[in-house]
Amino acid sequence: DGGITQSPKYLFRKEGQNVTLSCEQNLNHDAMYWYRQDPGQGLRLIYYSQIVNDFQKGDIAEGYSVSREKKESFPLTVTSAQKNPTAFYLCASSTGTKNYNEQFFGPGTRLTVL
Amino acid sequence: AQSVTQPDIHITVSEGASLELRCNYSYGATPYLFWYVQSPGQGLQLLLKYFSGDTLVQGIKGFEAEFKRSQSSFNLRKPSVHWSDAAEYFCAVGVGTSYGKLTFGQGTILTVHP
């Protein structure tokens, strides 16, 4: 079955540590996205990538980094510069074509900073 | 830039009652419109979408939504709510030139009383 996988489901981090969240898709989608979700704030875009080896900052990119070395993978690193990283992180993908914006979501990773 | 407003943070209905969740958007042209549903701790699932054509769209799980250009609205409806509909609902807007980027509303939490 085609879909998006995120791992791990739960992640705990000590302050000052970098952590990397995994996102893999087998939908053959060109575009991939990372969102952060906090209670009452909806989804906020962190980074997105329209094609391999290219990515752009979203609305809240500070303290985060990404890479897109393969079409199916878009890992997100939460760095120690992110002041409040505890949140639910969602990865999504879409065909990325100009006139088709439907996004498919993974199950999410809950990050807790201890 | 486009924006999305979901005026109701939390709605409570009785099982079997009708439901309407409100969504208003701000954008100069006709956007692409989506409703997603999220169960606690899960990713988002697409309920329905509007790209063009008939302004009344049918989705999964018995939901429908109506696009009203004059009111910049895309309200979600269901004639009879089931207990399993309890979840958080997100309205989202996409712009054709944005290469897949979506702007999400704050979300509406639906509680269903037996």
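Each value in this text was obtained by applying a stated rule to the coordinates, not by laboratory testing. Predicted, not measured: the structure shown is a model, and the values here were computed from it. Because the Cβ atoms are built from the backbone with ideal geometry, glycine has one as well, and the counts that use them run over all protein chains shown.
When the Cα positions of A:26, A:2, A:86 are compared along the charge dipole of the protein assembly as shown, A:86 comes out farthest toward the positive end, with charges on each C-beta of Lys, Arg, Asp and Glu.
To the nearest 20 debye, what is the magnitude of the charge dipole of region A:1-90 about its Cα centre, counting +1 on the Cβ of each Lys and Arg and -1 on the Cβ of each Asp and Glu? Spell out each step's value before the answer.
On the way: 10 positive and 10 negative charges, 56 e Å.
Computed charge dipole of region A:1-90: roughly 260 debye.
Within the listed set A:12, A:104, A:55, the Gaussian network model of chain A (springs between alpha-carbon atoms below 10 Å) gives the highest mean-square fluctuation for A:12. Amide hydrogen proximity for residue B:23: with H placed 1.01 Å from N in the peptide plane, the residues at 5 or more positions away or on another chain lying under 5 Å are B:74, B:75, B:76. Placing +1 on the Cβ of every Lys and Arg and -1 on the Cβ of every Asp and Glu, with nothing else charged, gives chain B a dipole about its Cα centre of roughly 280 debye.
Rounded to the nearest 0.05, what FRET efficiency do residue A:60 and residue B:55 have when you use their Cβ-Cβ distance and R0 = 35 Å? Before the final figure, lay out the partial values.
Numbers: r = 33 Å, r/R0 = 0.96.
According to the calculation, E is roughly 0.55.
Toward the positive end of the charge dipole of the protein assembly as shown, with +1 on the Cβ of Lys and Arg and -1 on the Cβ of Asp and Glu, the farthest Cα among A:47, B:25, B:2 is that of A:47. Residue by residue, region A:65-71 carries 3J(HN,Hα) couplings of 9, 9, 9, 9, 8, 10, 4 Hz when phi is fed to the Karplus relation 6.51 cos²θ - 1.76 cosθ + 1.60 (θ = phi - 60°); x denotes Gly or Pro. For region A:26-84, the Kirkwood estimate of hydrodynamic radius, built from reciprocal distances between every pair of different alpha carbons, is 12.0 Å.
Remind me, relative contact order of region B:36-114 in percent, using alpha carbon pairs under 8 angstrom and six or more residues apart? Don't jump to the answer; show the numbers that get you there.
On the way: 118 pairs, mean separation 19.0, N = 79.
Rounded, it is 24 percent for region B:36-114.
Placing +1 on the Cβ of every Lys and Arg and -1 on the Cβ of every Asp and Glu, with no other charges, gives the protein assembly as shown a dipole of roughly 340 debye about its Cα centre.
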